[in-house]
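Chemist: Below you'll find the structure I mean.
The values are calculated or read from the model by the stated rules, or taken from the named source; none is laboratory data. In this text, all values refer to a predicted model and were calculated from it rather than measured experimentally. Please note: Cβ atoms are built from the backbone with ideal geometry, for glycine as well, and neighbour counts cover all protein chains shown. Note: areas computed on protein heavy atoms with side chains; ligands, DNA, RNA excluded. Shrake-Rupley method; radii C 1.70, N 1.55, O 1.52, S 1.80 Å.
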Number of protein chains: 2
Amino acid sequence: MRWRVRVRIMPRQGILDPQGQAVAHALGSLGFAGVAAARVGRTVELALDAPAEADARDAAKRMCERLLANPVTEDFVVDTAEALA
Amino acid sequence: MRWRVRVRIMPRQGILDPQGQAVAHALGSLGFAGVAAARVGRTVELALDAPAEADARDAAKRMCERLLANPVTEDFVVDTAEALA
């Protein structure tokens, strides 16, 4: 069975996020008031073959630990897993 | 009132996503079987001051249109909006 698993990887709280600061600054320059802060992370959508949703989520978690996320600077969440077929 | 609004920006379907292809290939090389495809996008978390959730979501949508997303190559979704304080 195939699953679409969505993983969200964000800079850890307390870690400097220059990309987010640049976004917040640029939004202010464009006239958007009320932007207190911005943080920029990544979303990875995986199409995975696995017998069950728990297996797909577990595989995605291990992929984050091995490759997708930097454990020193980033946190990750396996956000959604939905059956594709 | 302050809101945390999360926006997800992904390469459009049908647009080549070399970063996603690299991720899928690297996962295979690391021994993860069953990865059919990967797509890599961005998540932007905004801390926004707005009177109501609908205003915060609407502001985030306009920020995507003006700055955060490339309308030619990317789709965006205003994913969640939650009250911070």
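Chemist: Taking the rotation that carries B onto A, look along its axis and tell me which residue of B has the beta carbon nearest to it, distance in whole angstrom.
Modeler: Output: B:43, 2.
Chemist: Here is a further query. For residue B:74, list long-range residues whose amide hydrogen, built 1.01 Å from N in the peptide plane, is under 5 Å from its own amide hydrogen.
Modeler: Under 5 Å from the amide H of residue B:74 lie the amide H atoms of B:12, each far enough along the sequence or on another chain.
Chemist: Quick one: Cα centre-to-centre distance for the range B:1-54 and the range A:1-48, in angstrom?
Modeler: Measuring centre to centre over Cα atoms gives 9 Å.
Chemist: Residue-wise, which Karplus ³J(HN,Hα) couplings in Hz belong to the range B:4-11, taking 6.51 cos²θ - 1.76 cosθ + 1.60, θ = phi - 60°, and x for glycine or proline?
Modeler: 9, 10, 10, 10, 10, 10, 10, x
Chemist: From the protein chains alone at 1.4 Å, what is the descending order of accessible area for A:15, B:9, largest first?
Modeler: A:15, B:9
Chemist: Could you run the numbers on buried accessible area between B and A, total for both chains, 1.4 angstrom probe, in Å² to the nearest 100? The partial results should precede the final answer.
Modeler: On the way: alone 5750 and 5750 Å², together 8730 Å².
So the buried area, both faces added, is about 2800 Å².
Chemist: Continuing with this model, one more query. Using a label position 7 Å from Cα in the Cα→Cβ direction, what is the ascending list of nm distances from residue A:14 to the same site in the other copies?
Modeler: Ordered by distance, the counterparts are at 4.7 nm.
Chemist: Roughly how many Å² is the accessible area per residue of the range A:2-83, as a whole number, for a 1.4 Å probe?
Modeler: 50 Å²
Chemist: Another question about this same structure. Give me the net charge of residue B:4's neighbourhood, meaning all other residues with Cβ under 12 Å from the Cβ of residue B:4; Lys, Arg count +1, Asp, Glu -1.
Modeler: Summing Lys and Arg as +1 and Asp and Glu as -1 gives -1.
Chemist: Can you give me the P(r) profile for chain B? Cα pairs, bins 5 angstrom wide beginning at 0, each as a whole percent.
Modeler: Result, from short to long distances: 3, 15, 20, 16, 13, 11, 10, 7, 4, 1 percent.
Chemist: Follow-up. Quick check: net charge around residue A:27, other residues with Cβ under 11 Å of its Cβ, Lys/Arg +1 and Asp/Glu -1?
Modeler: Taking every other residue near residue A:27 into account, the sum is +2.
Chemist: While we're here: Pop a pseudo-label 7 angstrom from the Cα along the beta-carbon direction at both residue A:49 and residue B:13 and give the gap in nm to one decimal.
Modeler: 2.2 nm
Chemist: Follow-up question, since we're still on this one. Thinking of the protein assembly as shown as a set of Cα atoms, what percent of all their pairs are more than 22 Å apart? Present the calculation step by step, with values, prior to reporting the outcome.
Modeler: Numbers: 6638 of 14365 pairs.
Of all Cα-Cα pairs in the protein assembly as shown, 46 percent lie more than 22 Å apart.
Chemist: From the label point of residue A:62, set 7 Å from Cα along Cα→Cβ, how far away are the matching label points in the other copies, in nm, ordered shortest to longest?
Modeler: With the label placed 7 Å along Cα→Cβ, residue A:62 yields 4.8 nm.
Chemist: Mind listing the label-point distances from residue A:1 to the same position on all other copies, shortest first, one decimal in nm, points 7 Å along Cα→Cβ?
Modeler: Spacings between copies for this position, smallest first, are 3.9 nm.
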